[in-house]
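Reading through the structure tokens given below for one structure.
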Amino acid sequence: MKFIQYFHSATGWLAIALFLRLGSGILLLPLILRYVPENQLGLWYVFLSVGNAAVMIDLGFSKTAIRSVSALWAGAGQLTAQGVALADRAMPNYGGVRDLLAAMRLLYLLMALVVALYLIIADYFLIPWGAVSDLTPNSPRFAWYVYAAGQVVTAYTRWQIPVLSGIGKMRLSQQYVAASTVIYLGTAAFLLVIGYELLGIAIGQLVQIVLGRILFANALKRFVPVSLTRISLSKLFSIVSTIWPNTWRHGCMILSGTLVASTNTLIVANQLGLEQASRFGLSQQLFGLLEQLAGILVAAKIADLTALQVQGKLDAMRRMVLPRLSASWLLFSAGAFVIILIGPSILHLLDSKTSLLTPAALQLFAAERFFQFNQNQHVRLVVATNRIPFLTGYIVSMLLVPPLAWLGASYAGIMGLIAANFIVQWLYNNPVSAFHAANDLGFGVMEYYRAAIMSLAEKFGRLKSMCTVVL
């Protein structure tokens, strides 16, 4: 019964939607590995890196939107530059929500135009086309144009998902994501089998994006009882100036993480070749799936965490966060062992045209990604309180990791590139993010880790007692 209830919850649907959304890493992987040549697969990971870099134009507005909408929907009278205002009413602040959504719609239209310009430039200067630069209906370059069109549509409509999550419709938003992703998987799988290679994946993604945005637009009309009228420039400036202090900080965080990840792939492709880029991209994709699956235990409750802070309920925040945090560490570690020990054998059984990194490189990569995952979990918790006190670490990563990774790849190949990322994470980013997350919950760092582990042990203890009673 508990298991069934879990999949009627926001957390359960977030898990389903996330698994499906990253289905190209699991569900489509056998078809991709069988039907897409290794050099084209390496090019596809370059496409993804370039497309992911387009997220930087968001500047953190979508993340700020969840916190801002959650606060206004919980009854906050106004938005604040730092922290959250306590609720001063028992119903949503509809006027504030209306103005915020109108401002976001205009901002994201401007962002979409900038993304279109960026992708045109990337076509000529960032993608190593080599001998596959011809433009025919089933060529990699045509697939790139279809993929780029989807990125422009995504850039314009990116604000819709955070709004539904912010008003407490997380489960519905994830159901829509799951439905559109199933359409993508079916479309891409069919086109791959009949020989469309990269173009099949790109068309599937474009269909998913358009269908998903139609569903979200209809949901907003149903559940947000405000009319989105044109907003004056003075009102737009007032809203942006209020949320900007933390938005630009979050934007720097996104810029740092995206730039580092995209730069790593581009370095591998240009220095070590598209075949090695294919192996690195596949390894990165699998661990990215693992990070997001393990991270949903915390991510699903971010809007609720903001609401609890608005209501001043520290004990409830602790009970919500601590067991989920320690369970996410356990889940990531188990998944990493599966990838390292079983992943190569599965690829062999699939008759894959590409492979994972070498065992030594894959183990080092797993350690680096665990530190990255741990940092991201702590960052989620702190940012939910509308504060970003660890901006320096992201700026350091953005400035240090790309040149260190380039040097590492030049002198030690893929191991050198991974080691450069690992050192920065281990020495600085993890300790700083953990300190601030612990402080927000009223703990010292060591007390925070102990409390997280003990809270999970208590959960397991209660589960064991229940099983004993049943038996």
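Odds and ends about this structure:
- Of all residue pairs spaced 6 or more apart or on separate chains, those with beta-carbon atoms under 7 Å, a first member in region 56-78 that is assigned to a helix (DSSP H, G or I) and a second member that is modelled with pLDDT of 70 or more and among the basic types (K, R) are D58/R158; S62/R158.
Here's the yes/no breakdown for (1) at pLDDT below 75; (2) under 30 Å from I267 (Cα atoms):
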{"position": "A420", "(1), (2)": "no, yes"}
{"position": "Y428", "(1), (2)": "yes, yes"}
{"position": "S433", "(1), (2)": "no, yes"}
{"position": "C467", "(1), (2)": "yes, no"}
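- Filtered residues of region 41-67 (kept if farther than 24 Å from V182 by Cα and at pLDDT 75 or above): G42, L43, V46, V50
- Test: residue in region 401-420 that is within 27 Å of R324 (Cα to Cα) and not β-branched (V, I, T): no
- Boolean, Y411 is of a type in the set (S, T, Y) and more than 20 Å from Q284 (Cβ to Cβ): yes
- Of the residues in region 400-415, at least one is closer than 28 Å to S328 by Cα and either surrounded by fewer than 19 Cβ atoms within 10 Å (Cβ to Cβ) or among the hydroxyl-bearing types (S, T, Y) (or both).
- Tallying residues that are surrounded by fewer than 17 Cβ atoms within 10 Å (Cβ to Cβ) and of a type in the set (A, V, I, L, M) within region 347-373 yields 4.
- Hey, I395 of a type in the set (A, V, I, L, M, F, W, C) and part of a helix (DSSP H, G or I) or not: yes
- Residues within region 320-346 that are surrounded by fewer than 18 Cβ atoms within 10 Å (Cβ to Cβ), in contact (Cβ under 8 Å) with a residue 12 or more places away in the chain, aliphatic (A, V, I, L, M) and farther than 21 Å from Y449 by Cβ, tallied: 1
The values are calculated or read from the model by the stated rules, or taken from the named source; none is laboratory data. Here the structure is a predicted model, which is why all the values come from computation and not from measurement. Because the Cβ atoms are built from the backbone with ideal geometry, glycine has one as well, and the counts that use them run over all protein chains shown.
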